Amino acid sequence: MTDLAFLSITEAARLIATRQLSPVELTEAYLTRIEALDHLLDSFVTLTAERARAEAKAAEATIMASGPISRMHGIPYCLKDIYETAGIRTTAMSKLLADNVPTRDSFCQEKLVAAGGVLLGKNATWEFAHGGPSWDILFPPARNPWNRAYSPAGSSSGSATAVAAGFAPATLGSDTGGSIRGPAAACGISGLKPTYGLVSRRGVIPNCFSHDHAGPLAWTSEDLAILMQIISGHDPEDPGSANVPVPDFTAALTGDVKGIVIGVPVSWLEEDDPPKPATKAGFDAALEVFRGLGCSVRPVKLPPLRQFDDAKKTIAVAELFTIHAKDLRSRPEMFGASLRYRIIAGGLVRAEEYINAMRMRTDLARAMQGVMETVDVVMLPTSEPAGKLEPVPPSSLFTRSSFTTPFNVGGNPALSVCCGFAENGMPFSLQIAGQLFDDATVLRVGDAYEKATPWRNQRPFLAVTETA
């Protein structure tokens, strides 16, 4: 069962297509593992076991009769609990939505259902994908499978935990300032924030209208490409959806990155927010791998990191307040303390400050696209390795800088992949960002790195005999 649970989507899809693996058998392997071990990690808030068994049985019958309809046909997956699911509770981890049962699926869920996927359930998040980690909300926070005392980061915390722990090969999260890439980095998996507008957010409970992105998390970049092929596409019901052709993401994974030009924002790493020596060493080692694959590396000059942070945070807290102001005024006690503090902060942003931040965002985005035109991808660490799972001051949202936020401001695709492990066993992570709507190149570069390095062969170990 453990061996089946650690199959990638790519491997499982191949075995299912050649009828060497049953979707029913695969689904039972995940359900068995979740039942035995998720009490240690709290990565699921709702498990849809009976639905999963029914979908797996239906998928098996169709595949036996006429073959798979997609590479996700018969493959189990889960969803961050901000993706609306018809007939299934969708809580955003908040007491405000404890009994919320949508009547319609989100756009991405519709796509996955049509592709024949098998829904295992809904994953833990920070409250409304923003406030956390919190212990005063609807469910406890998820834990990191590499070390349960450590944080899986946020806000797609349960999503990343589930993939790393072998509870599901695929999941969807959301990213407003790093909430896909941060958890992917903390848990040693792969996570993509797609280009803004490439994946519809319809039916995804909002955090910040202008910066929210929906996207996939999985064990490998190749698996992300499979998911992107399914969930990408124009949706007229999402005002931010872009009507652009969807590339063949999996065909782009040629393994050849010779000639790729990599830009490194040296001033960010040396002046704005220097990473710790071990993190910098891991990043430099990853660059050497790419040089060995035939890539060239050059410095690039982007605007100061703090400008990206200031613009995004001003916009984000103002929009957060707009979304939650009514409930904050009428029933503030229903929010966890972390999110309540941050919503209140949004109510203090003046109109002129919001508008100036939006204008600054435009200038920063243009500057980023200008730099991106000179290289194929930009690389830097995603973040420092995960720290202990413990309460953090809500004000940390405003005081700490981030290597992930600039690509939400610019809207550029950005991928997080594992690039080694610290002395304490927690993963290091590499961030690869690209030109607008060139997500395929970003995934090609990530895939080439993963196949040239041994990191995808290491998994966290969880003992059934452990107690929570």
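Once segment 372-417 is narrowed to residues that are open to solvent by 20 Å² or more (accessible area, probe 1.4 Å), in a helix (DSSP H, G or I) and of a type in the set (A, V, I, L, M, F, W, C), the residue that is modelled with the lowest pLDDT is LEU397. For GLU55, the requirement of being over 22 Å from the mean Cα position of the chain (by Cα), at pLDDT 95 or above, open to solvent by less than 60 Å² (accessible area, probe 1.4 Å) and over 20 Å from ILE205 (Cα atoms) is met. Going by the conditions given, is THR27 farther than 24 Å from SER179 by Cβ and open to solvent by 40 Å² or more (accessible area, probe 1.4 Å)? Taking the combined requirement at face value, the residue does not satisfy it. When GLU353, GLU333, GLU319, GLU288 are checked against the criterion of being open to solvent by less than 50 Å² (accessible area, probe 1.4 Å), assigned to a helix (DSSP H, G or I) and acidic (Asp, Glu), a single residue qualifies: GLU319.
For segment 247-264, filtering for residues that are of a type in the set (A, V, I, L, M, F, W, C), assigned to a loop (DSSP other than H, G, I, E, B) and either more than 19 Å from THR220 (Cα to Cα) or without any contact (Cβ under 8 Å) to a residue 12 or more places away in the chain (or both) leaves 2. When segment 249-268 is filtered for residues that are more than 18 Å from ARG71 (Cβ to Cβ) and either surrounded by 19 or more Cβ atoms within 10 Å (Cβ to Cβ) or of a type in the set (Val, Ile, Thr) (or both), the ones remaining, listed by number, are VAL257, ILE260, VAL261, ILE262, GLY263, VAL264, PRO265, VAL266, TRP268. Test VAL442 against the stated conditions and say whether it is touching a Phe, Trp or Tyr at 6+ places or on another chain (Cβ under 8 Å) and open to solvent by less than 10 Å² (accessible area, probe 1.4 Å). No.
Looking only at segment 215-243, count every residue that is part of a loop (DSSP other than H, G, I, E, B) and open to solvent by 50 Å² or more (accessible area, probe 1.4 Å) and tell me the total.
Selection size over segment 215-243: 5.
Residues that are in contact with a Cys (Cβ under 9 Å, 6 or more places away or on another chain) and either under 17 Å from ALA153 (Cβ atoms) or in contact (Cβ under 8 Å) with a residue 60 or more places away in the chain (or both) do not occur anywhere in segment 206-213.
Can you tell which of SER106, SER179, SER157 is out of contact with any Leu (no Cβ under 7 Å at 6 or more places or on another chain) and open to solvent by 10 Å² or more (accessible area, probe 1.4 Å)?
Numbers: SER106 fails: open to solvent by 10 Å² or more (accessible area, probe 1.4 Å); SER157 fails: open to solvent by 10 Å² or more (accessible area, probe 1.4 Å).
That would be SER179, the only listed residue that is out of contact with any Leu (no Cβ under 7 Å at 6 or more places or on another chain) and open to solvent by 10 Å² or more (accessible area, probe 1.4 Å).
The values are calculated or read from the model by the stated rules, or taken from the named source; none is laboratory data. The shown structure was predicted, so the numbers you read here are calculated from the model rather than taken from an experiment. Note: ideal-geometry Cβ built from the backbone for every residue, glycine included; neighbour counts use all protein chains shown. In case anyone asks, the SASA skips ligands and DNA or RNA and just uses the protein heavy atoms, side chains included. Shrake-Rupley method; radii C 1.70, N 1.55, O 1.52, S 1.80 Å.
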